Amino acid sequence: EQIKILDPACGSGAFPMGILHKLVELHEALGTVKSSYELKKDIVSQNIYGVDIMPMAIEIARLRAWLSLVLEEDYKPTDPKHNFGVKPLPNLDFKFVCANSLIDLGLDAFIQESKGTLHEGFTQKLVTQLKGLESVRKQFFTPALASTEKEKLKTEYFEQRDKVVADIEADSDPVLKQIANKIAKWNPFDDSISSNFFSPNWMFGIDKGFDIVIGNPPYIGEKGNEGIFQYVATTSLGKRTYTRWMDYFYFFFHSGIDYLKDNGCLIFISTNYYFT
């Protein structure tokens, strides 16, 4: 029930849906007493996270998750005025996000590195604020939210975000100012534009890493695609891992390990270059 699984290049959601069905099988083998709808809803809520840089891919991934829940409906008439009684579907804005998963925000590393330094007091306040955002995310997932409740939660999210941004900007650290600038530009409710950063803590509330990182990252040679390689090469990930004429999916190997908990499992479809 507590396993956390990330697909950092989820595309239209093939791997998240495979994970969903596998976890349903495991729950059923263990004798979990829940309806299929409730079981799938809880798994999507608690266990599965997806990221992709393409807005349309994220929309399809969410749609597949919704359809998987719809399939568990009984479609029994509940009111003579309506054809069917359909259970409400959850809001998946904080489960599948449109972002570049290779570009780390730097927030998680800053929090870890601040321990025992002058920033420690500020960081403790920041962690408390992040927990407040987690409460908004969980409430927003809730099925059957009225439109007025959704708007109220969106307003609350942006109010809390702006408080965090203001606190970070008040610090003189230039790294923090860059983090604040990126956070201020990300709107989780607008997937028409991909976020130029990824942060499991900020976007998902995952601050200790994932148990499993799984996926089929894109294979792209550098020749003819130098621009996207150089963009990543200038980031903290690229400065550690970029080598001339590498393949783009090498970045995903390194970042995937970064996003894991200690002793977590990295599972990627790969060419045999992995071994060399």
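Here are some notes:
- Charge dipole of the chain about the Cα centre (unit charges at C-beta), most positive-ward option of ILE228, THR123, LEU67: LEU67
- Cα coordinate range in the range 181-248, projected on the principal axes (Å, largest first): 35, 29, 22
- DSSP beta bridges in the chain [antiparallel fraction, %, rounded to 5]: 5 percent
- For the range 145-276, average projected area of the Cα convex hull in nm²: 10.8 nm²
- Charge dipole (the range 168-219, unit charges on Cβ, about Cα centre) - positive-most of PHE204, SER192, PRO218: PRO218
- Calculated log₁₀ intensity ratio I(q)/I(0) where the Debye formula runs over C-alpha points of the range 18-58, q = 0.17 Å⁻¹: -0.51
- Summarising the label geometry, the points placed 7 Å from Cα in the beta-carbon direction at GLN139 and MET246 lie 4.2 nm from one another.
- At most 16 other Cβ within 10 Å, DSSP loop - trypsin sites (Lys or Arg not before Pro), the range 232-276: ARG244
- Charge dipole of the chain (Cα centre as origin; +1 on each Lys and Arg Cβ, -1 on each Asp and Glu Cβ, all else neutral): 100 debye, rounded to the nearest 20.
- Sparse-neighbour loop sites [trypsin sites (Lys or Arg not before Pro); the range 124-209; at most 15 other C-beta within 10 Å; DSSP]: LYS208
- The range 176-276: chymotrypsin sites (Phe, Trp or Tyr not before Pro) in DSSP loop, at most 15 other beta carbons within 10 Å: PHE189, TYR219, TRP245
- Debye-sum result for the range 92-150 in log10 I(q)/I(0), which assumes one identical scatterer on each alpha carbon, at q = 0.12, 0.16, 0.29 Å⁻¹: -0.45, -0.71, -1.14
- For LYS41, the solvent-accessible surface with a 1.4 Å probe is about 30 Å², rounded to the nearest 10.
- Flagged links, alpha-carbon separation over 22 Å, of LYS223/LYS261; LYS4/LYS125; LYS182/LYS261; LYS95/LYS261; LYS41/LYS163; LYS154/LYS185: LYS223/LYS261; LYS4/LYS125; LYS182/LYS261; LYS41/LYS163
- The length gained by stretching the chain between THR234 and THR128 to full extension, at 0.36 nm per residue less their Cα-Cα distance, is 35.0 nm.
- Between 0 and 90°, nearest 10: helix 174-185 axis offset from the chain longest Cα axis: 30 degrees
- For the chain, the alpha-carbon radius of gyration amounts to 1.07 times the rule-of-thumb value 2.2 N^0.38 Å expected for a compact globular protein.
- Summarising the label geometry, the points placed 7 Å from Cα in the beta-carbon direction at GLU25 and GLU156 lie 3.9 nm from one another.
- For the range 89-218, diffusion coefficient by Stokes-Einstein and Kirkwood Rh (Cα), 25 °C, 0.890 mPa s, µm²/s: 156 µm²/s
- The range 144-195: C-alpha gyration tensor shape, a/c 1.5 cut-off, then a/b vs b/c: oblate
- Tilt relative to the chain, helix 14-29 - C-alpha long axis, 0 to 90 degrees, to 10: 60 degrees
- Between the listed residues ILE183, ALA166, THR155, the Cα displaced farthest toward the positive end of the dipole of the range 149-193, a dipole computed from Cβ unit charges relative to the Cα centre, is found at ILE183.
- Computed [θ] at 222 nm, deg cm²/dmol, the chain (DSSP H ≥ 4; -39,500 (n - 2.57); rounded to nearest 500): -15000 deg cm²/dmol
- A simple spin-label model places the labels of THR276 and GLU169 5.0 nm from each other, with each point 7 Å out along Cα-to-Cβ.
- Ranking of THR148, THR271, THR235, THR155 by solvent-accessible surface, largest first: THR148, THR155, THR271, THR235 (1.4 Å probe, protein heavy atoms only, all chains present).
- The residues of the chain expose, per residue, 53 Å² of accessible area to a 1.4 Å probe.
The values are calculated or read from the model by the stated rules, or taken from the named source; none is laboratory data. Predicted model, so just to flag it, every value in this text is computed and none were measured. FYI the Cβ positions are ideal-geometry reconstructions off the backbone, even for glycines, and counts take in every protein chain you see. Side chains included, ligands, DNA and RNA excluded: accessible areas come from the protein's heavy atoms. Shrake-Rupley method; radii C 1.70, N 1.55, O 1.52, S 1.80 Å.
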